[in-house]
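For reference, the structure is listed below as structure tokens.
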Amino acid sequence: MRPDIIKETAISISEAKTLLDHVKERDGELNYRAAKTAEYLDQFASLSEKKSKDVTKKILALDIPRMRENHIAKILDCHVKTVEDIKVVLQPYSLTLKEEHLKNILEIIETVGPKLKTEETPAAE
């Protein structure tokens, strides 16, 4: 018997990492697929779950029309650094934001604290 899906909610990578950590504590070990997912999340989770939720709340508080939590989760997961990055991340969605809103989102992301961990590639000489 398959469980009934009550609600679907978009979560960020950091929230997924926290949930998977709880599963690992509960079960003792992860199955193959969950272990591979945990490995991926360890590499790419750059914010704590608390910071991720705080940033999401701050961006939602901007009251940007049609901006949803799934859009914000995608923005956080993609480690945006510029307004252009935000535009690229939101391109698949039917969501157009004013330049002012994009700048406000970027300002909130920049104030998160320690910069998002990204691998810096040295400039080619």
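The values are calculated or read from the model by the stated rules, or taken from the named source; none is laboratory data. Just so it is clear, the structure is predicted and the values come from calculations on it, not from any experiment. Counting neighbours? That spans all protein chains shown, and the Cβs are built from the backbone with ideal geometry, glycine included.
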Original post:
Could you give every pair whose Cβ atoms fall below 9 Å, whose first residue belongs to segment 67-85 and is assigned by TED's automatic domain parsing to the domain that holds Lys98 and at positive phi, and whose second residue is surrounded by fewer than 20 Cβ atoms within 10 Å (Cβ to Cβ) and at pLDDT 90 or above, counting only separations of at least 6 or pairs across chains?
Top reply: His79/Asp85
Subject >> Of all residues making up segment 89-125, the number that are at pLDDT 90 or above and either on the phi > 0 side of the Ramachandran plot or among the polar types (S, T, N, Q) (or both) >> reply: 2
Original post:
In segment 35-53, is there at least one residue being free of Cβ contacts under 8 Å to residues at least 40 places away in the same chain and over 19 Å from the mean Cα position of the chain (by Cα)?
Top reply: yes
Original post:
Does at least one position in segment 3-19 carry a residue that is closer than 16 Å to His79 by Cα and polar (S, T, N, Q)?
Top reply: yes
**OP:** Would you be able to say whether some residue in segment 47-70 is farther than 17 Å from Ile108 by Cβ, of a type in the set (A, V, I, L, M) and surrounded by 13 or more Cβ atoms within 10 Å (Cβ to Cβ)?
**Re:** no
Original post:
What is the number of the single condition among (1) without any contact (Cβ under 8 Å) to a residue 40 or more places away in the chain; (2) within 15 Å of Asn104 (Cβ to Cβ); (3) not in a loop (DSSP other than H, G, I, E, B) that Val23 does not meet?
Top reply: (2)
Subject >> Yes/no for Ala73 being under 23 Å from Pro92 (Cα atoms) and among the small types (Gly, Ala, Ser) >> reply: yes
Original post:
Within the group Glu25, Glu84, Glu29, Glu49, which residue is modelled with pLDDT under 90, out of contact with any Leu (no Cβ under 8 Å at 6 or more places or on another chain) and of a type in the set (Asp, Glu)?
Top reply: Glu49
